[in-house]
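The values are calculated or read from the model by the stated rules, or taken from the named source; none is laboratory data. What you see is a predicted model; the values in this text were computed from it and never measured. Positions of Cβ are backbone-derived with ideal geometry, glycine not excepted, and every protein chain shown enters the neighbour counts.
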Amino acid sequence: MKHAVLVLLALIISTRIVSAEEIYKWIDEAGITHYSTSKSDQKARLAELPKFNKGEYKVSSTQSFTCDQHGGINCQAGEDADGSVICFDGFTEAAARFKFHCSSPKLTLSDISVPDEKGRFSIFVRNDRSVTARLPKVIFINIDGSKVPMKGPTEIKEFQMAEFTVISGFVARTHGKPKESQFSISCENCDQ
C-alpha cells in the first residue's frame, strides 16, 4: 500500500510539473494520506511539494571494447589494473570484468546425438569461458526420475567442447531423443 501511495505521489508530482495544477493533500479517517489535483475532500489543503529544477545534461557517447577482435580473453594473463580482462594480443581496453569471465568456467549443452537401437547416445558440452573446467559431471535424468552419470573427460579446456556418453534402457525402449531438460551439467570449479 505504501508503494502505491508513493507511485501515486510521483505521478501527481510529474503531472503538476507538466500541467502546473495545484496539488491537494488530506488524511482520511483510516490515516491514509491522499493527493489530488481537485479539492474533493473538506480536509484537503494545498500540498507543500518540493520545487523541481529543470536542467540539461549531455551524456557523452561511450564505446565498449571487447576482446573479440583481439584473439579472445586471456585469463592466464591475470586482470588489468582496473579489474578488466586482458586480451590474447595484449589489448587492455576491454570492458569485460576479469572477476566474472575468468574466475570459473561456464558449461553449456551444445548438442544431443540421436540414440542408437541400444539406447546409446552422446551429448556435447561446450566450455564458454577461458578457464578450464575441472571434473565436469553430466547426469542424465531418465523419464522415471532416476539419475545416470554420463562418461566423459575429466576436464574441458577453455572454449573447447567435450563428448559425454551413456546407454539408457528407457531411451532404447522409447526410441526418442532426450530433451535438454533431462541433463544436469556441473564441474568442480563451475559457478553453481
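Of note:
- Filter result for Val7 (within 42 Å of the chain's Cα centre (by Cα) and either assigned to a helix (DSSP H, G or I) or modelled with pLDDT of 85 or more (or both)): yes
- Residue that is farthest from Arg129 (Cα to Cα), among those in the stretch 74-106 that are of a type outside the set (Gly, Ala, Ser) and touching a Phe, Trp or Tyr at 6+ places or on another chain (Cβ under 6 Å): Glu93
- Residue selected from the stretch 140-161 under the condition part of a strand (DSSP E or B) and over 20 Å from Ser181 (Cβ atoms), by the criterion farthest from the chain's Cα centre (by Cα): Lys151
- Scanning the stretch 39-91 for residues that are among the charged types (D, E, K, R), in a loop (DSSP other than H, G, I, E, B) and in contact with a strand residue (DSSP E or B) (Cβ under 7 Å, 6 or more places away or on another chain) gives Lys39, Asp41, Lys43.
- Cβ pairs under 8 Å, 6+ apart, first in the stretch 87-115 and more than 16 Å from Ala77 (Cβ to Cβ) and touching a residue at least 60 places away in the same chain (Cβ under 8 Å), second among the hydroxyl-bearing types (Ser, Thr, Tyr) and in a loop (DSSP other than H, G, I, E, B): Pro105/Thr132; Pro115/Ser168
- Tally, over the stretch 117-134, of residues that are part of a loop (DSSP other than H, G, I, E, B), out of contact with any Lys or Arg (no Cβ under 9 Å at 6 or more places or on another chain) and surrounded by 13 or more Cβ atoms within 10 Å (Cβ to Cβ): 1
- In the stretch 92-108, the qualifying residues are those that are surrounded by fewer than 17 Cβ atoms within 10 Å (Cβ to Cβ) and in a strand (DSSP E or B), and the one that is modelled with the lowest pLDDT is Arg97.
- Residue within the stretch 94-108 that is more than 26 Å from His70 (Cα to Cα) and not charged (D, E, K, R) present: no
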